[in-house]
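What follows draws every value from the coordinates through simple rules; no lab data is involved. These numbers were taken from a predicted model, which means no experiment stands behind them. Using ideal geometry, Cβ is built from the backbone for each residue, glycine included, and neighbour counts are taken over all protein chains shown.
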Amino acid sequence: MESNILEIIHYASFTIGIVGILIIIIGAIRGFYHYLLHLRADNFAQIRYEVGSHIILGLDFLVGKDIIDTMLIDANNPEKFWMDLAALLTVVTIRIILTYFIQKEIADLKGVEK
C-alpha cells in the first residue's frame, strides 16, 4: 500500500513538472509568434511581459514539483538525503531569485506601458 502511494506521488510530481515545462514552452512559442507577427519596436515590452509571465508560472510549478520530490527523499540514507536536500535548496533558491527578478522586470514593463 505504501509503495502504491509513493508511486502515485512520484507520478503526480512528474506531471506537475511536465505542466511547468509546457507552460514555459507555450509562453516562448506565443512570444515568438507575436514577435514575428508584429515586428515593431513598441511591441517588445508586451512580448517580454507575456513570456515573463509564463516563465514565472512555469517556475512556480517546477518549485512545487521540487517540494513534492523532497517528500520522496529516502531519509534512511543520511549521506544521500543531505546531498539531495542541498541540491534541492540550491535549485529552489535559484528559481526563487529568477522569479523575483522576472516579476520586477514585468512590473517595470507594466509601468512603461501606462
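Assorted remarks:
- Per-residue ellipticity at 222 nm from helix content only, as computed over the chain with -39500 (n - 2.57) for each DSSP H run of at least four residues, stands at -32000 deg cm²/dmol.
- Between the listed residues 81, 70, 53, the Cα displaced farthest toward the positive end of the dipole of segment 1-88, a dipole computed from Cβ unit charges relative to the Cα centre, is found at 53.
- Stretched out straight at 0.36 nm per residue, the stretch from residue 87 to residue 8 would grow longer than its current Cα-Cα span by 26.1 nm.
- Each of residue 29 and residue 60 was given a label point 7 Å from its Cα along the Cα-to-Cβ line. The distance between the two points is 2.2 nm.
- Each other residue within a Cβ distance under 13 Å of residue 17 adds +1 if Lys or Arg and -1 if Asp or Glu, for a net charge of -1.
- Ranking of 65, 80 by count of other Cβ atoms within 10 Å, fewest first: 80, 65
- For residue 73, the amide hydrogen comes within under 5 Å of no other amide hydrogen, counting only partners 5 or more places away or on other chains and with H modelled in the peptide plane.
- Extension gain, residue 72 to residue 37: 0.36 nm times the residue separation minus the Cα-Cα distance gives 8.1 nm.
- Integer Hz, Karplus 6.51/-1.76/1.60 couplings in order for segment 50-55, x for Gly and Pro: 5, 5, x, 4, 5, 4
- Projection of the Cα convex hull of segment 36-96, averaged over all directions and equal to a quarter of that hull's surface, yields 5.3 nm².
- Note, ³J(HN,Hα) from phi for segment 8-22, Karplus 6.51, -1.76, 1.60, rounded to Hz, x at Gly and Pro: 4, 4, 4, 5, 4, 4, 4, 5, 4, x, 4, 4, x, 5, 4
- When only Cα pairs below 8 angstrom with a gap of at least 6 residues are kept, the chain shows a relative contact order of 32 percent.
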